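Q: Sharing a structure here in structure tokens format.
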Amino acid sequence: MSANARTPGQPGACACILYIEDNPQNVRLLRKMLQNGGFEMIDASGGLMGLQCAADYKPHIILLDIDLPDIDGVEVTRRLKADAALAHIPVIAVTANVMYGDRQRFIDAGCDGYLAKPVTRHELINTVTYFLDRLDID
């Protein structure tokens, strides 16, 4: 996890994004793109850790890989959306699963958005901005 991420809701907090991803190269790439876009990111390397980070940090947005080593992203999404304290957080699938029907399967599971890997900086920043614009951030 990023040591300098501030918890949303605290004075001076900015948009906090949780990225649940087991591939360190993907984490580094998205962190760089998000930081260059002015966002802070925390990360978790598995679904269970991601659920704990979501509960602890209450991020504004969750970016979620679908193929995780412990529980998959579909199950993570179901658990997030079943938790009243976390259900409001937009979950965006960030995945290499790009076969016909994958996008709809993830949306049906509760994801609010979908980005296909490899993600471009433009797609990422536009998607994050789109969801942040709909939130009331102090």
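Q: With +1 on each Lys and Arg Cβ and -1 on each Asp and Glu Cβ, and nothing else charged, work out how big the dipole of segment 34-84 is about its Cα centre, in Debye to the nearest 20.
A: Charge dipole of segment 34-84: 240 debye, to the nearest 20.
Q: Just going by the charge dipole of the chain, with Lys and Arg at +1 and Asp and Glu at -1 on Cβ, which of V91, Q52, Y130 is farthest out on the positive end?
A: Positive-end residue among those listed: Y130.
Q: Can you order the peptides 101-109, 68-76 by their average number of other Cβ atoms within 10 Å per residue, highest first?
A: Per-residue mean Cβ counts within 10 Å order the peptides as 68-76, 101-109.
Q: Hey, how many Å between the Cα centroid of segment 25-76 and the Cα centroid of segment 86-117?
A: 13
Q: Taking Cα pairs under 8 Å and at least six residues apart, what relative contact order does the chain come out at, in percent?
A: Reported as a whole number, the value is 23 percent.
Q: Moving on to the next point. Across all directions of projection, what mean area in square nanometres is found for the Cα convex hull of segment 32-94?
A: 4.1
Q: Using the Cβ atoms and a cut-off under 12 Å, what net charge is assigned to the surroundings of L48, where Lys and Arg are +1 and Asp and Glu are -1?
A: Result for the local shell: -3.
Q: At q = 0.13 Å⁻¹, work out log10 I(q)/I(0) for the chain with the Debye formula, treating every Cα as an identical point scatterer and leaving solvent out; two decimals please.
A: Rounded to two decimals, the profile gives -0.47.
Q: Show that you can apply the helix-only estimate: for the chain, add -39,500 (n - 2.57) for every DSSP H stretch of four or more residues, divide by all residues, and state [θ] at 222 nm to the nearest 500.
A: -11500 deg cm²/dmol
Quick note: the coordinates plus some simple rules give every number you see, no bench work behind them. The model shown is predicted, which means the values in this text are computed figures rather than measured ones. Reconstructed Cβ throughout: ideal geometry from the backbone, glycine too, with neighbour counts over all protein chains shown.
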